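Undergrad: Before anything else, here's the structure in question.
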Amino acid sequence: MSKPRLVLIGNGMAGVRTVEELLKIKPDHYDITIFGAEPHPNYNRILLSPVLAGEMTIQEIVLNELDWYKENKITLHTGKQIKTIDRIKRKVIAEDGTEEEYDRLLIATGSTPFMLPIPGNDLPGVIGYRDIKDTDEMIDAAAKHKHAVVIGGGLLGLEAANGLKLRGMDVTVVHLGPWLLERQLDEVAGKMLQRSLEDKGLKFLLETQTEALIQGESGRVAAIRFKGGMQIPADLVVMAAGIRPNYALAEASGIYCNRGIVVNDTMQTYDPKVYAVGECVSHRGIAYGLVAPLFEQAKVAANHLAGYGIGRYTGSVTSTKLKVTGIDLFSAGDYMGGKDTEEIVLNDPHGGVYKKLVIKDNKLVGGVMYGDTADGPWYFQLLKDKRDIHDIRDSLIFGQNLVGDVGHAGNSKAAEMADSAEVCGCNGVTKGTIVQAIKAKGLFTLDEVKKHTKAASSCGSCAGLVEQILASTIGGAYTPASSDTKPLCACTDHSHKKVRETIVAQHLTTKEAVFAFMEWKTPNGCDKCRPAINYYLISTFPHESKDDPQSRFINERAHANIQKDGTYSVVPRMWGGLTTPAELRAIADAAEKYNVPTVKVTGGQRIDLLGVKKEDLPNIWADLNAAGMVSGHAYGKSIRTVKTCVGAEHCRFGTQLAMSMGVKLEKMLFDMYAPHKVKLAVSGCPRNCAEAGIKDVGVIGVDSGYEIYIGGNGGIKTEVAQFLCKVKSDEEVMEYSGAFLQLYREEGWYLERTCHYMERVGLDYIKGKILEDEEARKAYYFRLLDSLKDAKDPWQTSREEQPIKQFIPIKLEA
Amino acid sequence: MSNWKLICKLDDIPQLGSRVVQRQSGGDIAIFRNAEDEVFALHDKCPHKSGPLSQGIVHGRRVTCPLHGWNIGLEDGHAVAPDIGSCSKFDVKVENGEVFLAV
């Protein structure tokens, strides 16, 4: 049986991206044919500016080599413009007569520069700025001529002007608006930008209207005349006054167009067999000219072309960044503001820094940054997540550094870093390596950079920095996914949020049910989604859903922590950090009996036996269990330890019985699994010797009771815990901290620590649930206790339910 | 010619799990069973930093190394792109619910 045929008109970024997405989720489904009007394979149009500026070559910006088309069995026609779409016979006809029939058609014809309707706009030397040909012509003109005029002070115009200047031309930018980039910047930032570009040698004529282009003796353009009669020399005129979607072809075939090919949320045109993506499209009345929205459209179109029928494109909030080396500029969303918005402004004209954040209903809706754009991606993420910023408002304008750490030493000036600077300390990846990979391999997302370079793929603390490098390298092409909608992994398009909600709403209790109901693309998930789903199932339906050991990371299957050499570490629980001579004797006996090479005290006040062979684990634990000890869960996404100081039991400063409080908390939380590890501490007085300030839940005794702090972290992201409330009794400590942890267990996304969860939802939200609503608090607390009511040592469970033989190797005789 | 050696029953290997076969020399072999009851055998050593693949999470026809998350194809032992590397594979077959390894 022959495959259905898919024809793509337009060999550009949006169209080819759609094909790539399609091949990813359903390879071999279609016979694919691509028509491109240009003679090149798909290249990264956004990087034409660095090419013009001499910072990159054409070869470097090719995204899909000809071999890629071959490998994927795609028929590619370059240099062939489609003349007609015959929707009745379902075929397309090129200018040279080539015909191709289709079952599904994808139109991605992009846009063309708008040529001002003035006399002389067709003279030699007058061009738009769109493709490789235009770029070549500019490079050529720069070598032969002196005077260049760029009409249009938008992103593209300024990048062209900068490139031509770097190539030695005398460049004047003519702009109709009152300041530069008036669609991306407010007046203050626009003027600052103008000053720094003037320092680079560019000239500007603002609020100036062009009247005519004048031919010289050679036949080429020689001058430009403005309204009012002023005239300046011009050997090259670049029109960058906007783009026009290319929809004439579609319109001629009878497809409904209105300033673009009109598509619905599935990227389908009025003809259900015809899809359209990219700049030629009008979606909900908007035609996007930046690449990030096009990629979102591509993903949706691919999903529907593959026949999965999930995913809707609902429009994009865009951000822009000017790709002019040495100039830092970022804007996103509604940066102008209006009468129902508020603004926070930081203006330091001498230091060349200007930031404006636009806020509406306690949410960030837009922003402009000039001179210091390091926090641009972070603001953009807050904006897309619609995060309530009420609780961080006072320091918001100073960036993520002051709100929370962005990485090691807060070094976040991605653009200023040297190429040799190490970005990822875990895997030893430098900035140069990352930039190189982004350019050479055409990477657009954090996940792609992680896969190809390994940067940010271990502890992840440099993810923010990598995102900034990505943003500064590819400019406006970069857009972080909204955390709410980011796919959980490559097996699905659904986000953590969606998966959690669906499990609850549909009462799904097995991973198979989740895979089937949510149309997983892989038969049994992967190492990313399976552990997440397993956790969501058992935390949502604690006594109903059955734990699946094969969906757990080895540490949680072996109840021990795997080490680099494949041996394991064993940490018996010491409640509240307390132990006894008998326990110590049993630990010492076990260490000797099983030849444990290293015995170490952990940061959580426990004893760690390192270097135990897997096959010895059941036996060493049988010995430890016999001595009354249970697993310390030092390996799990679970309750780890409750660290205590000696408290009022012994300490002359102590105000509360910290050890006894710690033991009570630890016994309550024993065997509690969570989205990530959970650590607590109890100090008996504000001297806080148990370091409660950097714990998921920190309890500090004061004379009149206890203060509870939440969301602290002493690891990757040093984060000081925030004050939740003050309570009087031990019972209240248990109720409030238990309720908070249950809230986190029910709403946190897998591998999200409490500090990340809190950053996502905001402290006020948590206070609303735990402090202001007594009934809700008691309900959370009850659900926590209920789900832990049958808690027992994992080794007891292993002996009862799972064959211990998993631990025993099969010996092969010679 | 291969010498088929009886290793264990198919049911001795958990679905989406593995068992380790210890050899007297040449290092351990990991035997995997996936959801479709296909069985594979690889040298129990990740090409990256020698992690024990037998301890990884099995999905589809792949296993994810427990140490640093490399994905290794179970059929050919090759690392999944963009990672590069491979570990040796062994012939293995299932007959009447029993698993045999070619040694």
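The values are calculated or read from the model by the stated rules, or taken from the named source; none is laboratory data. Bear in mind that the values here come from a model prediction, so they are computed numbers and not experimental data. Neighbour counts are summed over all protein chains in view; Cβ atoms, including those assigned to glycine, are modelled from backbone coordinates with ideal geometry.
Undergrad: Would you mind listing the helices (runs of 4 or more DSSP H) fully within region A:432-531 where at least 3 residues are under 14 Å from the mean Cα position of the chain (by Cα) and either modelled with pLDDT of 90 or more or away from chain B (no Cβ under 14 Å) (or both)? So that I can check it myself, show each step before the final result.
TA: Values: elements: A:446-453, A:463-474, A:496-506, A:511-517.
Output list reads A:463-474.
Undergrad: Of the residues that sit in region A:34-79 and are among the β-branched types (Val, Ile, Thr) and either assigned to a loop (DSSP other than H, G, I, E, B) or closer than 27 Å to A:Asp140 by Cβ (or both), which one is nearest to the chain's Cα centre (by Cα)?
TA: First, the residues of region A:34-79 that are among the β-branched types (Val, Ile, Thr): A:34, A:46, A:51, A:57-58, A:61-62, A:74-75, A:78.
After this cut, where a residue has to be either assigned to a loop (DSSP other than H, G, I, E, B) or closer than 27 Å to A:Asp140 by Cβ (or both) as well, the list is A:46, A:51, A:57-58, A:61-62, A:78.
Working: A:Ile46: 20, A:Val51: 27, A:Thr57: 28, A:Ile58: 28, A:Ile61: 23, A:Val62: 24, A:Thr78: 34 Å.
If we take residues in region A:34-79 being among the β-branched types (Val, Ile, Thr) and either assigned to a loop (DSSP other than H, G, I, E, B) or closer than 27 Å to A:Asp140 by Cβ (or both), then A:Ile46 is nearest to the chain's Cα centre (by Cα).
Undergrad: Mind checking which residues of region B:43-76 are over 22 Å from A:Ile533 (Cβ atoms), among the hydrophobic types (A, V, I, L, M, F, W, C) and touching a Phe, Trp or Tyr at 6+ places or on another chain (Cβ under 7 Å)?
TA: B:Cys46
Undergrad: For region A:7-59, what are the residues that are in contact with a His (Cβ under 8 Å, 6 or more places away or on another chain) and within 29 Å of A:His494 (Cβ to Cβ)?
TA: Correct list: A:Leu22 only.
Undergrad: If the Cβ limit is 9 Å and pairs must be 6+ apart or interchain, which residue in region A:302-322 that is under 16 Å from A:Phe380 (Cβ atoms) pairs with which residue that is among the aromatic types (Phe, Trp, Tyr) and assigned to a strand (DSSP E or B)?
TA: A:Ser319/A:Phe330; A:Thr320/A:Phe330; A:Lys321/A:Phe330; A:Leu322/A:Phe330
Undergrad: Would you pick out the residues in region A:192-204 that are in a helix (DSSP H, G or I) and surrounded by fewer than 17 Cβ atoms within 10 Å (Cβ to Cβ)?
TA: Step one: filter region A:192-204 for residues in a helix (DSSP H, G or I), giving A:192-199.
Answer for region A:192-204, where residues must be in a helix (DSSP H, G or I) and surrounded by fewer than 17 Cβ atoms within 10 Å (Cβ to Cβ): A:Arg195, A:Glu198, A:Asp199.
Undergrad: Within region B:1-24, which residues are within 8 Å of chain A (Cβ to nearest Cβ) and among the small types (Gly, Ala, Ser)?
TA: B:Gly17
Undergrad: Identify, by number, the condition in (1) of a type in the set (S, T, N, Q); (2) touching a Ser or Thr at 6+ places or on another chain (Cβ under 6 Å); (3) buried (at least 22 other Cβ atoms within 10 Å of the Cβ) that A:Ser49 doesn't meet.
TA: The single condition A:Ser49 does not satisfy is (2).
Undergrad: Among the residues of region B:32-57, which ones are of a type in the set (Val, Ile, Thr) and at the interface with another protein chain (Cβ under 8 Å from one of its Cβ atoms)?
TA: To start, the set of residues in region B:32-57 that are of a type in the set (Val, Ile, Thr) comprises B:39, B:57.
Of everything in region B:32-57, just one residue is of a type in the set (Val, Ile, Thr) and at the interface with another protein chain (Cβ under 8 Å from one of its Cβ atoms), namely B:Ile57.
Undergrad: For region B:72-83, which positions are in contact (Cβ under 8 Å) with a residue 12 or more places away in the chain and in a loop (DSSP other than H, G, I, E, B)?
TA: Taking region B:72-83 as the starting set, the residues that turn out to be in contact (Cβ under 8 Å) with a residue 12 or more places away in the chain are B:72-77, B:79-80, B:83.
Passing the criteria: B:Leu74, B:Glu75, B:Asp76, B:Gly77, B:Val80, B:Asp83.
Undergrad: Every residue in region B:59-68 that is farther than 18 Å from A:Tyr635 by Cα and more than 7 Å from chain A (Cβ to nearest Cβ), please.
TA: Result: B:Arg61, B:Arg62, B:Val63.
Undergrad: Separate question: Hey, which of the helices (runs of 4 or more DSSP H) in region A:755-814, taking only ones fully inside, have at least 3 residues that are away from every other protein chain (no Cβ under 14 Å), modelled with pLDDT of 90 or more and loosely packed, with under 14 Cβ neighbours inside 10 Å?
TA: Values: elements: A:763-770, A:774-787, A:794-801.
Filter on region A:755-814 gives A:774-787.
Undergrad: Would you please name the residue that is farthest from the other protein chains (Cβ to nearest Cβ), looking only at residues in region A:534-550 that are touching an Asp or Glu at 6+ places or on another chain (Cβ under 9 Å) and modelled with pLDDT of 95 or more?
TA: A:Thr540
Undergrad: For B:Phe32, only one of the following conditions fails: (1) touching a Cys at 6+ places or on another chain (Cβ under 7 Å); (2) outside any loop (DSSP other than H, G, I, E, B); (3) not aliphatic (A, V, I, L, M). What is its number?
TA: In the conditions (1) touching a Cys at 6+ places or on another chain (Cβ under 7 Å); (2) outside any loop (DSSP other than H, G, I, E, B); (3) not aliphatic (A, V, I, L, M), B:Phe32 misses (1) alone.
Undergrad: Same structure, new question: Considering region A:564-612 alone, what residues qualify as being at pLDDT 95 or above and either in contact with a Ser or Thr (Cβ under 7 Å, 6 or more places away or on another chain) or in the same structural domain as A:Ala692 (by TED's automatic domain parsing) (or both)?
TA: A:Val571, A:Arg573, A:Gly576, A:Gly577, A:Gln605, A:Arg606, A:Asp608, A:Leu609, A:Leu610, A:Gly611, A:Val612
Undergrad: Name the pairs: first residue in region A:214-233 and assigned to a loop (DSSP other than H, G, I, E, B), second residue not acidic (Asp, Glu), Cβ to Cβ under 6 Å, at least 6 apart or on different chains?
TA: Hits for this filter: A:Gly216/A:Ala222; A:Arg220/A:Pro124; A:Arg220/A:Gly125; A:Lys227/A:Gln209.
Undergrad: Okay, moving on. Give just the number: which of (1) within 28 Å of A:Val150 (Cα to Cα); (2) buried (at least 17 other Cβ atoms within 10 Å of the Cβ) does A:Phe35 not satisfy?
TA: Single failed check for A:Phe35: (1).
Undergrad: Out of A:Arg585, A:Arg557, report the one residue that is part of a helix (DSSP H, G or I), within 38 Å of the chain's Cα centre (by Cα) and not acidic (Asp, Glu).
TA: Working: A:Arg585 fails: within 38 Å of the chain's Cα centre (by Cα).
Testing whether each residue is part of a helix (DSSP H, G or I), within 38 Å of the chain's Cα centre (by Cα) and not acidic (Asp, Glu) leaves just A:Arg557.
Undergrad: Scan region A:278-301 for residues that are closer than 18 Å to A:Arg87 by Cβ and assigned to a loop (DSSP other than H, G, I, E, B) and report the count.
TA: Count: 1.
Undergrad: Looking at region B:81-92, which of its residues are of a type outside the set (Gly, Ala, Ser) and either touching a Pro at 6+ places or on another chain (Cβ under 6 Å) or facing another protein chain (nearest Cβ under 10 Å) (or both)?
TA: Taking region B:81-92 and keeping what is of a type outside the set (Gly, Ala, Ser), we get B:82-84, B:87, B:89-92.
Across region B:81-92, the qualifying residues are B:Pro82, B:Asp83, B:Cys87.
Undergrad: For residues in region A:586-607 being more than 20 Å from A:Phe807 (Cα to Cα) and of a type in the set (D, E, K, R), which is surrounded by the fewest Cβ atoms within 10 Å (Cβ to Cβ)?
TA: A:Glu592
Undergrad: Additional query: Can you pull out every residue in region B:24-62 that is of a type in the set (A, V, I, L, M, F, W, C) and either farther than 18 Å from A:Gly566 by Cα or under 9 Å from the mean Cα position of the chain (by Cα) (or both)? First the steps, then the outcome.
TA: Step one: filter region B:24-62 for residues of a type in the set (A, V, I, L, M, F, W, C), giving B:29-32, B:35, B:39-42, B:46, B:53, B:57-58.
Of everything in region B:24-62, those that are of a type in the set (A, V, I, L, M, F, W, C) and either farther than 18 Å from A:Gly566 by Cα or under 9 Å from the mean Cα position of the chain (by Cα) (or both) turn out to be B:Ile29, B:Ala30, B:Ile31, B:Phe32, B:Ala35, B:Val39, B:Phe40, B:Ala41, B:Leu42, B:Leu53.
Undergrad: Among the residues of region A:1-30, what is the count of those that are over 21 Å from A:Gly79 (Cβ atoms) and part of a strand (DSSP E or B)?
TA: Looking only at that region, the number is 1.
Undergrad: Can you tell me which residue within region A:563-585, out of those that are surrounded by 20 or more Cβ atoms within 10 Å (Cβ to Cβ) and touching a Leu at 6+ places or on another chain (Cβ under 7 Å), is nearest to the other protein chains (Cβ to nearest Cβ)?
TA: Among those that are surrounded by 20 or more Cβ atoms within 10 Å (Cβ to Cβ) and touching a Leu at 6+ places or on another chain (Cβ under 7 Å), it is A:Tyr568.
Undergrad: Hey, could you check region A:539-564 for residues that are without any contact (Cβ under 8 Å) to a residue 24 or more places away in the chain and among the charged types (D, E, K, R) and say which is farthest from A:Ile587 (Cα to Cα)?
TA: So the residue we want is A:Asp547.
Here's the yes/no breakdown for (1) at pLDDT below 85; (2) under 24 Å from A:Leu443 (Cβ atoms); (3) crowded, with 20+ Cβ neighbours inside 10 Å:
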site: A:Val277; (1), (2), (3): no, yes, yes
site: A:Val300; (1), (2), (3): no, yes, yes
site: A:Gly309; (1), (2), (3): yes, no, no
site: A:Lys321; (1), (2), (3): yes, yes, yes
site: A:Gly326; (1), (2), (3): yes, yes, no
